[in-house]
Amino acid sequence: MPPVVRVVLLLMLSNLFMTWAWYGHLKTLRAHHWMIAVLASWGIAFFEYTIQVPANRLGYEHLSLPQLKILQEVITLAVFVPFAVLYMRQPVRLDFLWAALCMAGAVYFMFRGAPAPAP
């Protein structure tokens, strides 16, 4: 499997944990004190970081830092929208499409004529 594909898969998995840590408590822990949500989120975020850090290290070997960052943002949106719609029961909005198109433009500009990654 090409390294960049591994980076994308690891970042997607990392983002699943991140999204759950950041927003899952809004549904599952609403009746609890906010500190319980903080502790639960920290616990989930630990797993997110154990995936995200190796993904970024591998990604930095094959992508420039700006490319790695914009890739992360696109993956964040790709994970967040299904989470918001399917789990949090948010309505699908046309704004999701416009945001995705803006991100696609950002990817285009970040990757066109891409310089070699840092050593």
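Given Leu58, Leu63, which one is within 17 Å of Val7 (Cβ to Cβ), of a type outside the set (S, T, N, Q), touching a Pro at 6+ places or on another chain (Cβ under 7 Å) and at pLDDT 95 or above? Residue meeting the stated conditions: Leu58.
Going through segment 21-67 one residue at a time, which ones are touching a residue at least 60 places away in the same chain (Cβ under 8 Å), under 15 Å from the mean Cα position of the chain (by Cα) and over 30 Å from Tyr108 (Cα atoms)?
Of segment 21-67, the ones touching a residue at least 60 places away in the same chain (Cβ under 8 Å) are 23-24, 26-27.
Remaining after also requiring under 15 Å from the mean Cα position of the chain (by Cα): 23-24.
If the condition is that a residue be touching a residue at least 60 places away in the same chain (Cβ under 8 Å), under 15 Å from the mean Cα position of the chain (by Cα) and over 30 Å from Tyr108 (Cα atoms), then Gly24 is the only one that fits.
Of all residues in segment 26-49, those that are in contact with a Phe, Trp or Tyr (Cβ under 9 Å, 6 or more places away or on another chain) and surrounded by 12 or more Cβ atoms within 10 Å (Cβ to Cβ) total 6.
Before we move on, is Phe109 over 16 Å from the mean Cα position of the chain (by Cα), within 26 Å of Pro3 (Cα to Cα) and in a helix (DSSP H, G or I)? When the stated conditions are applied, Phe109 passes them. Are any residues in segment 11-33 touching a helix residue (DSSP H, G or I) at 6+ places or on another chain (Cβ under 9 Å) and over 18 Å from Phe83 (Cβ atoms), and if so, which ones? Listed by number, the list holds a single entry, His32. Every condition in (1) modelled with pLDDT of 95 or more; (2) in contact with a Pro (Cβ under 9 Å, 6 or more places away or on another chain) holds for Ile51 except the one numbered (2). If you go through segment 30-82 and keep only what is of a type in the set (Gly, Ala, Ser) and farther than 30 Å from Arg112 by Cα, you end up with Ala31, Ala37, Ala40, Ser41, Gly43, Ala45. Scanning segment 67-106 for residues that are outside any helix (DSSP H, G or I) and either exposed (fewer than 10 other Cβ atoms within 10 Å of the Cβ) or of a type outside the set (Lys, Arg) (or both) yields Met88, Arg89, Gln90, Pro91, Val92.
The values are calculated or read from the model by the stated rules, or taken from the named source; none is laboratory data. Because the structure is a prediction, the values reported are computed rather than measured. Virtual Cβ from ideal backbone geometry, glycine too; neighbours counted across all protein chains shown.
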